[in-house]
1. Which of the residues belonging to the stretch 259-279 are in contact with a Cys (Cβ under 8 Å, 6 or more places away or on another chain) and surrounded by fewer than 24 Cβ atoms within 10 Å (Cβ to Cβ)?
2. For residues that are outside any helix (DSSP H, G or I) and either β-branched (Val, Ile, Thr) or open to solvent by less than 50 Å² (accessible area, probe 1.4 Å) (or both), tally how many sit in the stretch 313-365.
3. Name the pairs whose Cβ atoms lie under 7 Å apart, with the first residue in the stretch 405-417 and among the hydrophobic types (A, V, I, L, M, F, W, C), the second surrounded by fewer than 17 Cβ atoms within 10 Å (Cβ to Cβ) and in a helix (DSSP H, G or I), and 6 or more positions between them or separate chains?
4. Please return the ranges of helices (runs of 4 or more DSSP H) entirely within the stretch 1-104 where 1 or more residues are within 16 Å of the ligand (Cβ to nearest atom).
5. Could you give every pair whose Cβ atoms fall below 7 Å, whose first residue belongs to the stretch 295-319 and is on the phi < 0 side of the Ramachandran plot, and whose second residue is among the polar types (S, T, N, Q) and open to solvent by 10 Å² or more (accessible area, probe 1.4 Å), counting only separations of at least 6 or pairs across chains?
6. What's the number of the only condition in (1) closer than 17 Å to Gly167 by Cα; (2) within 16 Å of the ligand (Cβ to nearest atom) that Lys147 fails to meet?
7. Answer yes if at least one residue in the stretch 226-244 is assigned to a helix (DSSP H, G or I) and within 26 Å of Gly372 (Cβ to Cβ), and no otherwise.
8. Go over the candidates Gly142, Gly164, Gly113 one by one and state the one that is assigned by TED's automatic domain parsing to the domain that holds Ala330 and crowded, with 19+ Cβ neighbours inside 10 Å.
Amino acid sequence: MSVITNHLPTAELQALDAAHHMHPFTTNDDLAKRGVRVITRAKGVYLTDSDGHEILDGMAGLWCVNIGYGRAELAEVAARQMTELPYYNTFFMTTHVPAIALAQEIAKLAPEGMNQVFFAGSGSEANDTNIRLVRTYWDEKGKPGKKAIISRKNAYHGSSVGSGSLGGMAPMHAQGGLPIPDIHHIGQPDWWSEGGDMTPEAFGLARAQELEAKILELGEDSVAAFIAEPVQGAGGVIVPPSTYWPEIQRICDKYEILLIADEVICGFGRTGEWFGSHTLGLRPDIITIAKGLSSGYQPIGGSIVRDDVAKVINATEFNHGYTYSGHPVAAAVALENLRIMQEEDVLGHMRNVAMPAFHQGLEALTDHPLVGEAKYCGLMGSIALTPHKATRAAFAADKGTVGYLCRERCFANKVIMRHVGDRMVLSPPLVITEAELTELFKRARKALDETYALLQEKDLLHAA
Ligand code: PXG
């Protein structure tokens with residue numbers, strides 16, 4: 001077997017990658033032509049690529065490396081656990097110490113009355129679990145008609161058949177026969193793009209009331225659950241108007257609809273509290289977790305289940321589970337991550353240092369000619385690019401054309417920002433310092449200036 005090391009020249013790594021590696025959400029032929037970026041190591045908030053460039057990671061990997069890169073404690077815990085017990089399952093009346101300890105720790109941090117955890121290997125798997133969980137719950141409650149799950153357009157809940165169906169991403173639904181039956185989608189609370197002449201508050205209320213209309217259309221005896229991210233992440237960091245969540249909660253309570261808060265991004269500190277449900281004041285029945293649970297150091301996810309729902313499920317055999325549910329190495333690493341988060345008071349750092357600087361930095365960008373609004377919650381934020389701020393206009397060019405150009409200018413300036421259509425998104429490690437945030441926004445502004453010049457040059461500064 002040949003050994004591939006970080007020391008091969010970039011071009012050779014790119015050629016090998018193109019020859020054998022199919023990338024997610026990518027046109028692989030195009031990528032092969034332009035050459036993939038190879039990341040070789042990382043420390044703190046900085047990535048290093050195979051050409052030795054240091055890049056400030058404004059996305060914490062994929063919204064997950066919350067305690068930053070290169071924490072040796074997590075590697076040491078993983079090595080110790082692999083030596084002691086690298087694998088055992090949690091089926092067939094067995095368990096192990098890392099799963100016991102992690103479930104207990106999650107229950108301690110979760111909202112009041114949510115003390116049971118079902119483990120999965122990822123956010124997608126956990127949301128697949130949730131589909132089966134809520135339907136089994138209603139079966140056991142003697143209401144087998146309650147099968148439908150209502151979600152939202154432009155939501156992201158994962159990429160498996162079940163979770164991809166829950167999500168509301170049109171390009172995903174266009175491939176492979178999604179969504180599966182009994183999943184329904186209502187509008188998202190994205191005031192900037194879809195609010196028209198309404199105030200954000202009126203629009204938030206109207207979008208929440210789409211849930212009530214959908215429940216009445218389907219019949220409340222047909223609806224099992226509503227699923228939503230407290231703040232949409234992959235959809236572009238859409239922070240809902242203040243009127244939205246209280247109305248959603250009222251509707252779920254009124255019609256006895258289980259509320260699933262997908263906190264794969266929002267969970268474990270991202271919004272400034274342990275859970276987005278705390279920050280936005282929701283009372284979910286199930287919380288989906290992954291990403292920040294282990295700061296991405298190991299793949300692990302799960303569902304936190306409210307006590308009265310768990311009581312019903314636990315009284316029957318729930319015929320569901322994954323080989324790696326509660327994987328001991330992943331669980332041990334997640335536990336160490338949560339220890340670091342607490343002992344180093346990462347939430348305190350966010351509150352006192354990182355969040356004020358992050359919010360101020362985003363607000364300051366709104367004086368840029370390309371930037372319409374800035375939206376943020378904790379350490380997730382986004383800016384809307386627009387050719388005309390006053391009318392919140394979209395660009396005449398295809399959606400995402402300008403966002404893509406801007407993302408390329410970000411890369412060129414050694415800062416990673418993700419683009420979602422023509423919104424630029426940030427979700428840095430929660431441990432980012434004030435000086436690192438200053439540097440991040442300096443690079444982002446330069447990238448915006450260059451994007452603006454490029455749009456002038458290409459004659460793309462036109463409203464749709
Ligand atoms: N729910 C939410 C809210 C997510 O953000 C998932 C579920 C699925 O988790 P897994 O671990 O199965 O990927 C996610 C994942 C992006 C991007 O481009 C976001 C995610 C995944 C991939 C890309 O922003 N979020």
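1. Leu259, Gly272, Thr279
2. Looking only at that region, the number is 9.
3. Qualifying pairs under 7 Å: Leu405/Leu454.
4. In the stretch 1-104, the matching helices (runs of 4 or more DSSP H) lie at 28-34, 60-63.
5. Listed by first residue and then by second, the contacts come to Pro299/Ser122; Gly301/Ser122; Val305/Gln116; Asp307/Asn115; Asp307/Gln116; Ala310/Gln116; Ile313/Thr136; Phe318/Thr136.
6. Exception for Lys147: condition (2).
7. Yes.
8. Just a single option satisfies the conditions, and that option is Gly164.
The values are calculated or read from the model by the stated rules, or taken from the named source; none is laboratory data. Just so it is clear, the structure is predicted and the values come from calculations on it, not from any experiment. Quick reminder, even Gly has a Cβ in these numbers, built from the backbone with ideal geometry, and neighbours come from all protein chains shown. Remember, those area values only see protein heavy atoms, side chains included, never the ligands or the DNA or RNA. Shrake-Rupley method; radii C 1.70, N 1.55, O 1.52, S 1.80 Å.
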